[in-house]
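The block underneath contains the structure these notes are about, expressed in structure tokens.
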Amino acid sequence: MKDINKNDVIQIVPENKWGGCLAIVSEVKSWGVQCFVQIPLQGRAYYRVNWDEFDFIGEALYVPQE
């Protein structure tokens, strides 16, 4: 398991249908992470990605409220 934590920012790899998107980790699982992309005026769109489907970018400075 990689050193990924809740509220880390990841980028989904191009081969994935969400490829290129930046997302914030909401849960770390044994198979990968659950993450979300914030959609303005609509809320969060959640997505699950395996360990090999994303790269770590950094820790989020600001996390949108639910």
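The values are calculated or read from the model by the stated rules, or taken from the named source; none is laboratory data. Quantities reported herein were computed from a predicted structural model and do not represent experimental measurements. Virtual Cβ from ideal backbone geometry, glycine too; neighbours counted across all protein chains shown.
Would region 44-56 turn up any residue that is surrounded by fewer than 15 Cβ atoms within 10 Å (Cβ to Cβ), in a strand (DSSP E or B) and in contact with an Asp or Glu (Cβ under 7 Å, 6 or more places away or on another chain)?
Narrowing region 44-56 to residues surrounded by fewer than 15 Cβ atoms within 10 Å (Cβ to Cβ): 45-46, 48, 50-52, 55-56.
With the extra rule that they be in a strand (DSSP E or B), the set shrinks to 45-46, 48, 50, 55-56.
Next, from what is left, pick out any that are in contact with an Asp or Glu (Cβ under 7 Å, 6 or more places away or on another chain): 56.
Checked against the condition, which is being surrounded by fewer than 15 Cβ atoms within 10 Å (Cβ to Cβ), in a strand (DSSP E or B) and in contact with an Asp or Glu (Cβ under 7 Å, 6 or more places away or on another chain), region 44-56 yields at least one hit.
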Within region 1-17, how many residues are at pLDDT below 95 and either closer than 20 Å to Val63 by Cα or in contact with a Leu (Cβ under 7 Å, 6 or more places away or on another chain) (or both)? 1
Mind counting the residues in region 30-43 that are surrounded by 12 or more Cβ atoms within 10 Å (Cβ to Cβ) and either under 10 Å from the mean Cα position of the chain (by Cα) or modelled with pLDDT of 95 or more (or both)? 6
